[in-house]
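The structure appears below as structure tokens.
The values are calculated or read from the model by the stated rules, or taken from the named source; none is laboratory data. What you see is a predicted model, and the numbers here were worked out from it, not measured in a lab. No Cβ is skipped: glycine too gets one built from the backbone with ideal geometry, and neighbour counts run over all protein chains shown.
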Amino acid sequence: MKQNLIPFERVIEEMKTAISDTLTIDKEKITSDSSLIKDLGAESLDFLDINYRLEQTFGIKMARHFIIEHIEEMFGEGTAVDSNGQLTETAVKLMKIRLSAGKEAGESFDELTPGMDMDALPAMVTVKSMSMAVMDILDSLPEKCPACGASSWKTEDGTHVICGGCSAEAPYENGDDLIKNWLEKTQKDHNIIKS
Ligand SMILES: [Zn+2]
């Protein structure tokens, strides 16, 4: 369900804090459009650190794998990346559908094209796109607490959600499962991968 306890602005703020703490750079230098790699100088290991901080902050489990890896695993090798390590049309179509959920006016994701080198993908990860991944997980909050049945989620610090009935921690889905479920549903709705 779409939760409304933690607004997107708060997620962006916490994302900036996690990045600034990991990379030891001024928070003011980080904008929602900053590419973590291109603009802020993050390296692959930094992503583990940033993810860990976010998991602690929100009580969530971030995805460990990119959507490309999930497509390959679910629909077969070569579905998302060809033998030259370039993105297939299928991969680009799926990624564009996913990105368009949080699209703003004027944003078109033109750099995402079939034939693009998959190694260029990490540089496209921005503060905003990572925050959307967090929001996706937060929005997996079920309506009712599975432990006591109450629908009275609350947060005291603005980042951790607990049950107002039994104080259980919010049972979010993990990031990888969410991507897999999304891929399954999107393939059913759009039939992008012809078998
Ligand atoms: Zn409860």
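Annotations for the structure displayed:
- The test for being part of a loop (DSSP other than H, G, I, E, B), crowded, with 18+ Cβ neighbours inside 10 Å and either among the basic types (Lys, Arg) or more than 20 Å from the chain's Cα centre (by Cα) (or both) holds for Cys145.
- Selection within the stretch 19-51 - in contact (Cβ under 8 Å) with a residue 24 or more places away in the chain, assigned to a helix (DSSP H, G or I) and not hydrophobic (A, V, I, L, M, F, W, C): Asp21, Thr22, Ser44, Asp46, Asp49
- Filter result for Val134 (surrounded by 13 or more Cβ atoms within 10 Å (Cβ to Cβ), at pLDDT 95 or above and in contact with a Phe, Trp or Tyr (Cβ under 8 Å, 6 or more places away or on another chain)): yes
- Among all residues of the stretch 88-98, there is at least one that is modelled with pLDDT under 95 and within 30 Å of Thr155 (Cα to Cα).
- Just one of (1) over 19 Å from Gly59 (Cα atoms); (2) of a type in the set (Gly, Ala, Ser); (3) touching a strand residue (DSSP E or B) at 6+ places or on another chain (Cβ under 7 Å) fails for Gly149. It is (3).
- The number of residues in the stretch 153-195 that are within 20 Å of Ile60 (Cβ to Cβ) and either in contact (Cβ under 8 Å) with a residue 12 or more places away in the chain or within 10 Å of the ligand (Cβ to nearest atom) (or both) comes to 26.
- Every condition in (1) at pLDDT below 95; (2) over 19 Å from Ser35 (Cα atoms) holds for His70 except the one numbered (1).
- Criterion violated by Gly59 - all others in (1) surrounded by 15 or more Cβ atoms within 10 Å (Cβ to Cβ); (2) on the phi < 0 side of the Ramachandran plot satisfied: (2)
- Odd one out for Lys93 among (1) in contact (Cβ under 8 Å) with a residue 24 or more places away in the chain; (2) touching a strand residue (DSSP E or B) at 6+ places or on another chain (Cβ under 7 Å); (3) not polar (S, T, N, Q): (2)
- Identity of the residue in the stretch 128-152, of a type in the set (Ser, Thr, Tyr) and within 16 Å of the ligand (Cβ to nearest atom), that ends up farthest from Ile19 (Cα to Cα): Ser151
- Ser44 falls short on exactly one of the conditions (1) over 28 Å from Gln187 (Cβ atoms); (2) at pLDDT below 95; (3) surrounded by 14 or more Cβ atoms within 10 Å (Cβ to Cβ), and that condition is (3).
- Yes/no for Asp177 being out of contact with any Phe, Trp or Tyr (no Cβ under 7 Å at 6 or more places or on another chain) and closer than 21 Å to Ala18 by Cβ: no
- The set of residues in the stretch 117-127 that are among the aliphatic types (A, V, I, L, M) and either within 16 Å of the ligand (Cβ to nearest atom) or at pLDDT below 95 (or both) comprises Met118, Ala120, Leu121, Ala123, Met124, Val125.
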